[in-house]
Structures are given as C-alpha cells and as structure tokens.
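*Asks:* Dumping the structure here so I can ask a few things about it.
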Amino acid sequence: MRLEDKVAVITGSGSGIGRYCAFEFAKNGAKVVVADLNEKGAAETEKQIQANGGIAVTFKVDVSKPESVQKLANFTLKTFGRIDVLVNNAAIQINKTVEDMTFEEWNLQMTINVGGVFLCSKQFLPHLRKTKGNIVNMSSVNSFFVEPMCAGYCATKSAIVGLTKAMAIDHGHEGVRVNCILPGYIDAGLAEGYFLAQPDPAQARIDAGKLHALWRIGKPEEVGRAAVFLASDDASFVTGSSMVVDGGFGSGLPPK
Ligand SMILES: NC(=O)c1ccc[n+]([C@@H]2O[C@H](COP(=O)([O-])OP(=O)(O)OC[C@H]3O[C@@H](n4cnc5c(N)ncnc54)[C@H](O)[C@@H]3O)[C@@H](O)[C@H]2O)c1
C-alpha cells in the first residue's frame with residue numbers, strides 16, 4: 001500500500017477521473033476527503049470506497065470561493081488532523097472559440113480551473129509543509145496539443161503546467177513536491193461533454209480513440225494510478241513534472 005495512513009483531499013472527486021483517483025488512493029491506504037460541488041456524486045464515491053473497506057468522507061466545496069476552500073481545510077484538519085496530499089482535479093470545460101465565448105464564461109472557467117488550483121494550494125500549503133506532503137494538479141494534453149472549440153479550456157490547462165512548476169520551485173526546499181498529470185482522452189465526464197458538443201458524437205468518440213497510439217481512449221483508473229505514483233514516496237525525487245498519461249496522443253499521429 002503506497003499511501004498507508006496518508007490523508008488526501010481530492011477536488012472534483014464526485015465523478016469521472018477524480019472519483020477514480022479517490023478509489024485508487026483509498027485502495028492504497030489513504031484516508032480520502034471527497035471534495036466536490038456535486039454532493040450526490042461525492043456521496044456515491046464515498047459509498048463505493050466504504051463498501052470496499054476504505055476510509056472516505058465527503059465535503060461540499062466550491063473551489064472557486066475562498067471561504068468555501070477555507071472551510072474544506074478546516075474540515076480536513078478537524079476530521080483527520082493533517083493533510084498529506086492535495087489533488088487539484090475539479091474543472092469545467094466550455095467548448096467555444098474565443099469569438100463565441102462571453103467574458104463571463106471565460107472568467108468562470110479561469111476561476112474554477114486555475115483559481116481553484118491557486119485557492120486550494122494556498123489554503124493547504126502551510127499544512128503540507130508540516131507533513132512534507134505534495135500536490136498533484138490535473139492538467140491535460142490540451143495544455144500543449146490543442147483542438148478546435150476549446151480555447152479557454154486549453155488556456156487553463158496550460159496555466160496549470162506553469163503554476164505547477166512555479167509552486168515546485170517555491171516550495172521544494174520546504175520538502176513539498178508539486179506535479180501535474182496531462183491525461184489524453186479519458187472515458188469520463190469532460191471528454192463525454194466534448195463528444196456531445198461535436199456534430200456526430202459517436203463518430204467523434206471513435207475518431208478520438210484513433211488519435212492515440214494505443215488506438216483507444218483511456219480509463220479513469222489509469223489516471224488514478226498515475227496520481228497514486230506521484231503522491232507516493234516512489235516519486236520522492238519527482239517535482240515540477242508534467243506526467244503525460246495519454247496513450248501516445250501527444251506523441252504524433254498513429255497510422256490509420
Ligand atoms: N475526461 C478527459 O478526457 C480529461 C482529459 C484531460 C484532462 N482532464 C481533466 O481531468 C479532470 C476531471 O475531469 P473529468 O473528465 O473527470 O470531468 P467531470 O466533470 O467528471 O469531473 C469534474 C468534477 O469537478 C467538479 N466541479 C466542477 N466545478 C467545481 C467547483 N467549482 N468546485 C468543486 N468541484 C467542482 C464537478 O462537480 C465534477 O464532479 C479535469 O481537471 C479535466 O480538465 C479530463
């Protein structure tokens with residue numbers, strides 16, 4: 001068990017990739033705070049972890065609101081007395097070009113996707129310093145390999161790579177590691193939303209699979225296992241890194 005008795009807060013773990021990160025963390029012995037705006041989804045994640053003998057509690061958080069994030073930190077410390085790992089995973093995706101997007105939509109996406117990483121990190125860093133803990137941020141291959149109709153989303157995911165490196169540099173000497181994961185298409189919430197926004201969603205899904213060297217889209221547990229590695233002592237000399245978990249999507253175009 002790579003995360004025995006570690007306390008992990010995972011934002012956006014009420015569905016998709018975050019939920020499977022929570023499953024993998026719990027399987028590896030972590031006590032998980034399932035933190036999400038979606039209470040119903042968070043309760044389902046908690047239920048499934050407990051059914052498998054793991055330890056999980058839920059907390060309703062809006063990562064874009066400072067007071068809500070502060071309450072999450074208070075709850076975590078009151079419940080478990082410490083924090084070892086923060087997984088900044090919560091995000092939204094607005095599928096529009098810059099021309100079509102309103103300034104309100106741009107701000108909303110930036111505030112949740114990047115502001116959420118900033119606020120949660122800011123709130124938890126003093127406690128991570130005490131435990132020599134670490135942060136895992138969820139970016140995307142869209143941080144360096146962009147596609148049509150997701151300008152704002154790609155900008156947020158690139159910003160997370162920069163923020164990861166900056167925090168790694170600022171806090172490495174304090175024993176705090178900060179890394180991020182760049183998933184390719186994963187069979188989970190946001191990719192599903194992207195497919196549905198395309199003219200032919202079923203075909204878009206098939207086409208997306210064939211953009212990956214492995215000729216399929218990924219499973220959320222495959223990202224969860226990468227997050228466990230980065231959060232664990234197995235990655236003790238890994239910081240500031242962007243781990244690509246993309247089935248070869250970003251490596252180039254595979255044969256048809
Ligand atoms: N699915 C993919 O193919 C894919 C690929 C690359 C990167 N990612 C990244 O993985 C992460 C998870 O994506 P997913 O596909 O599982 O999506 P998802 O929609 O299933 O999960 C996102 C979660 O974030 C929560 N959330 C949204 N706004 C919030 C807020 N303000 N406060 C708290 N929680 C909030 C949602 O309720 C949801 O449970 C995101 O960071 C996304 O950018 C996903």
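The values are calculated or read from the model by the stated rules, or taken from the named source; none is laboratory data. Here the structure is a predicted model, which means the values were calculated and not measured. Don't worry about glycine lacking a Cβ; one is built from the backbone with ideal geometry, like all the others, and counts go over all protein chains shown. What goes into the accessible areas is simple: the full protein's heavy atoms, side chains included, and nothing from ligands, DNA or RNA. Shrake-Rupley method; radii C 1.70, N 1.55, O 1.52, S 1.80 Å.
*Asks:* In region 165-196, which residues are in contact with a Ser or Thr (Cβ under 7 Å, 6 or more places away or on another chain), at pLDDT 95 or above and either of a type in the set (Ser, Thr, Tyr) or surrounded by 18 or more Cβ atoms within 10 Å (Cβ to Cβ) (or both)?
*Replies:* Once the filter is applied, which keeps residues that are in contact with a Ser or Thr (Cβ under 7 Å, 6 or more places away or on another chain), at pLDDT 95 or above and either of a type in the set (Ser, Thr, Tyr) or surrounded by 18 or more Cβ atoms within 10 Å (Cβ to Cβ) (or both), region 165-196 yields Met167, Ala168, Arg177, Val178, Asn179, Cys180, Ile181, Leu182, Pro183.
Residues are listed down the side, and each one gets a yes or a no for (1) surrounded by fewer than 15 Cβ atoms within 10 Å (Cβ to Cβ); (2) near the ligand (Cβ under 9 Å from one of its atoms); (3) free of Cβ contacts under 8 Å to residues at least 12 places away in the same chain:
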site: Glu4; (1), (2), (3): yes, no, no
site: Gly16; (1), (2), (3): no, yes, no
site: Gly53; (1), (2), (3): yes, no, yes
site: Phe59; (1), (2), (3): no, no, no
site: Ser64; (1), (2), (3): no, yes, no
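*Asks:* Out of the residues in region 23-51 that are assigned to a helix (DSSP H, G or I), over 14 Å from Glu4 (Cα atoms) and open to solvent by less than 20 Å² (accessible area, probe 1.4 Å), state the one that is nearest to the ligand (Cβ to nearest atom).
*Replies:* Per the criteria, the residue is Gly41.
*Asks:* Considering only residues of region 148-199 that are of a type outside the set (A, V, I, L, M, F, W, C) and in a loop (DSSP other than H, G, I, E, B), which is nearest to Met101 (Cα to Cα)?
*Replies:* Pro148
*Asks:* What pairs come up if the first residue lies in region 179-203 and is farther than 24 Å from Gly224 by Cβ and near the ligand (Cβ under 7 Å from one of its atoms), the second is open to solvent by 70 Å² or more (accessible area, probe 1.4 Å) and among the hydrophobic types (A, V, I, L, M, F, W, C), and their beta carbons are under 7 Å apart, counting only those six or more places apart or on different chains?
*Replies:* none
*Asks:* A further question follows. Looking at region 206-256, which of its residues are open to solvent by 70 Å² or more (accessible area, probe 1.4 Å), within 16 Å of the ligand (Cβ to nearest atom) and part of a helix (DSSP H, G or I)?
*Replies:* Ile206, Asp207, Arg225, Ser251
*Asks:* Would you say Val146 is surrounded by fewer than 17 Cβ atoms within 10 Å (Cβ to Cβ), closer than 21 Å to Ala197 by Cα, within 14 Å of the ligand (Cβ to nearest atom) and among the hydrophobic types (A, V, I, L, M, F, W, C)?
*Replies:* So Val146 fits the description; yes.
*Asks:* Going through region 3-22 one residue at a time, which ones are farther than 18 Å from Ile135 by Cβ, among the hydroxyl-bearing types (Ser, Thr, Tyr) and part of a loop (DSSP other than H, G, I, E, B)?
*Replies:* Listed by number, the list holds a single entry, Ser15.
*Asks:* Then there's this: I'm checking my understanding of the structure. Among residues of region 104-120 that are among the aliphatic types (A, V, I, L, M) and surrounded by fewer than 18 Cβ atoms within 10 Å (Cβ to Cβ), which one is farthest from Thr156 (Cα to Cα)?
*Replies:* The selected residue is Leu108.
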